[in-house]
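**Q** The structure that follows is given in the form of C-alpha cells.
Just so you know, all these numbers are worked out from the coordinates, no wet-lab data involved. As the structure is a prediction and not an experimental result, all values here were calculated from the model. FYI the Cβ positions are ideal-geometry reconstructions off the backbone, even for glycines, and counts take in every protein chain you see.
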Amino acid sequence: MTVIRQISEKEVPMNMLLHADPSEKCIDRYLPGSKCFGVFVEDELVGVCVANLNDDDIWEIFNIVVIPEKQKQGFGKKLLEFVINYFEELGASSLELGTGTFGYQLLFYQRAGFRVESIRKNFFIDNYSELIFEDGVQLKDMLRLCIRYNRQSTYPAHRSQPRTAENSSERHPLLSTTECRDCNDILDEADNLKID
C-alpha cells in the first residue's frame, strides 16, 4: 500500500536528500521550516519532497527524491502530483523549482505541467564547491520552472480543462498533449527567456 502524507523535517533522512542535492550545506539552508512530504510503501519511506515559502504565496520545491531501488515505478510522479495539488488547495499563486538544463528530471517536471520561466547562468558552478556531472556532462546553468495556479477558475492554470478519459494524456494525467513542451521547444525559445 502506498501512502503520501506531510511529514516533519526531522523525519526526512539527510542521506535520502543527498541523492538529489549533493550539498549538505545547501540542504541545511532550505530544510529548516520547510513543508515536507513523504511517500511510504508498506510503511517504508521511499521518497520525499521538500518545499519552502519564497514569497507571500509562492512556494518552491527545493528537493524531490525517490530512493534508487524504487525509482521508475511511479512513486516520484505520485509524490509530485500530491505536492502540486496540496499547494493549489493551500491557495498558492505558483509553485517553482530549479533544475539542470538537461536530463530526465526536466522531462519529469514538464510532464507535470511546469514551464520554463528563466535561466540562471552558472548556478551549479557558483553555488556548489564540487562540479556536478549528469550522464558525463557538467551541470552549469539552472532552469527555473513554474506552475502558475489560476485562482479565478475551477481548474489551475496548468490544466486546460477537467480531466476525462477523452482528454487525459497518457504521459501524465495532469496534462493535455497541447500543454507539454519538449526540450526542442525550450531550445527554440531560449532567446526569449529572461536571464538572471
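**Q** What percent of all Cα-Cα pairs in region 1-92 falls in each 10 Å bin, counting up from 0?
**A** 17, 53, 28, 2
**Q** Now, a different point. Can you list the lysines whose alpha carbon sits under 25 Å from that of LYS10, skipping same-chain ones fewer than 8 residues off?
**A** Qualifying lysines at Cα under 25 Å: LYS25, LYS35, LYS70, LYS77, LYS78.
**Q** Further question: Residue-wise, which Karplus ³J(HN,Hα) couplings in Hz belong to region 12-18, taking 6.51 cos²θ - 1.76 cosθ + 1.60, θ = phi - 60°, and x for glycine or proline?
**A** With the stated coefficients, region 12-18 comes to 8, x, 4, 4, 6, 4, 5 Hz.
**Q** Work from the charge dipole of region 1-92 (Cβ charges, +1 for Lys and Arg, -1 for Asp and Glu, about the Cα centre) and give the residue of PRO68, VAL39, ASN15 farthest towards its positive end.
**A** The Cα lying farthest towards the positive end belongs to PRO68.
**Q** Still on this structure, I have one more. Sort 69-77, 83-91 by the packing proxy (mean of other Cβ within 10 Å over each peptide's residues), most packed first. Each step should come with its number before you reach the end.
**A** Numbers: 69-77: 14.4, 83-91: 16.4.
The most tightly packed comes first, giving 83-91, 69-77.
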